[in-house]
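Step one of this worksheet: look at the structure below.
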Amino acid sequence: MSTRRLLTVVALLGVLATSACGGGSDPKPAAKPSATATPVVTPTPSTHPIKGVSSYVALGDSYTSGPAIATQERGAGLCFRSDHNYPSLLAHDLAITSFKDVSCAGATTTNVLKSVRSPADALAQVAAVKPSTSLVTVGIGGNDSGLFGTLFQTCAQTANTSRDVCRPYISSKLPQILAHTQQAVARTLTAVTARAPHARVVLVGYLRLTPTTKGCSTFPVSTTDLAVVASAESQLDAAMSRAAKDAGAEYVSMRAASLGHDACAGAKAWTNGASAPTDDGFPLHPNAAGMRAVAATIRARLAG
């Protein structure tokens, strides 16, 4: 895969971040999500409810909403929400009687807390949380300060060259970005708890994208930079764990669970590389298997 193609793919992360929740014009994704009339998954007698959890609100970015995973919800627009993302799967499995998913591709902590007026109206996600809500999952932080988009765009530049820009970026820029992200995520969780003081508030971590040792042709990072990019993902996970602790919320990390399921893991992958099968997720995002894994991990935490 050419460097130009790699940069085109990682640039789509920035397109999502600037257009889906109130900035920029409509994107033209490389893998356009399908939109059909298939209804959102509903509870069945085979579900496993958890005592005290009946009203559920899901907040988050594209790792929550599930762009390009079949089937995309009508009316979700540029938020690219799948009815088989992990909130929908979790709501189904827990026999939730009241479920609201307001996750949106490209969302930052600002989009969770504040309404956006221009160029497209978007209500603050936190407005969906009510005093009666008993469960809130939050998957946010990767878009703050352009973290994911800038990280992969910077490190993709070295995939087919000898330029060393990836490591300097991670060592010099990442610490301050993560410090800001930790504070912003903690503020977000605190605001959620204030709106639903009796709810279980669960911050959900990100699935692995980057293998630590062996890359693949569809992943936009050179072999020499794999370990340092994987380290950046791990540092984000640690920052989110600290944010949850600071806010008194629960944290579900996906780092351990997704070991061996990175974007280069073939049939075992829970995330896509720079290309993705039709209706199975956007490039550099979770696929359907990844969403199932996240839902199962959260369910186990709630039941534990």
Looking for whichever is touching an Asp or Glu at 6+ places or on another chain (Cβ under 7 Å) and among the aliphatic types (A, V, I, L, M) here; the options are 239, 244. Which one fits? 244
So is residue 245 more than 24 Å from residue 136 (Cβ to Cβ) and touching a helix residue (DSSP H, G or I) at 6+ places or on another chain (Cβ under 9 Å) or not? no
In segment 189-208, how many residues are touching a Lys or Arg at 6+ places or on another chain (Cβ under 9 Å) and assigned to a helix (DSSP H, G or I)? 1
Please note which strands (runs of 3 or more DSSP E) are completely contained in segment 51-162 and include at least 1 residues that are under 23 Å from residue 179 (Cα atoms). 55-60, 135-139
So which of 108, 150, 161 ends up being buried (at least 22 other Cβ atoms within 10 Å of the Cβ) and either modelled with pLDDT under 85 or not aliphatic (A, V, I, L, M) (or both)? 108
Of everything in segment 131-158, what is within 26 Å of residue 295 (Cβ to Cβ) and hydroxyl-bearing (Ser, Thr, Tyr)? Give them in sequence order. 132, 133, 134, 137
Residues of segment 285-304 being aliphatic (A, V, I, L, M) and within 22 Å of residue 67 (Cα to Cα), in sequence order, are 288, 289, 291, 293, 294, 295, 296, 298
Specify which of the listed residues (225, 246) is surrounded by fewer than 17 Cβ atoms within 10 Å (Cβ to Cβ) and not in a loop (DSSP other than H, G, I, E, B). 246
Determine which member of the set 186, 179 is in contact with a helix residue (DSSP H, G or I) (Cβ under 9 Å, 6 or more places away or on another chain), assigned to a helix (DSSP H, G or I) and crowded, with 17+ Cβ neighbours inside 10 Å. 186
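The values are calculated or read from the model by the stated rules, or taken from the named source; none is laboratory data. Small disclaimer: the values here were computed from a predicted structure and weren't measured. Glycine gets a Cβ as well: all are built from the backbone with ideal geometry, and neighbour counts include every protein chain shown.
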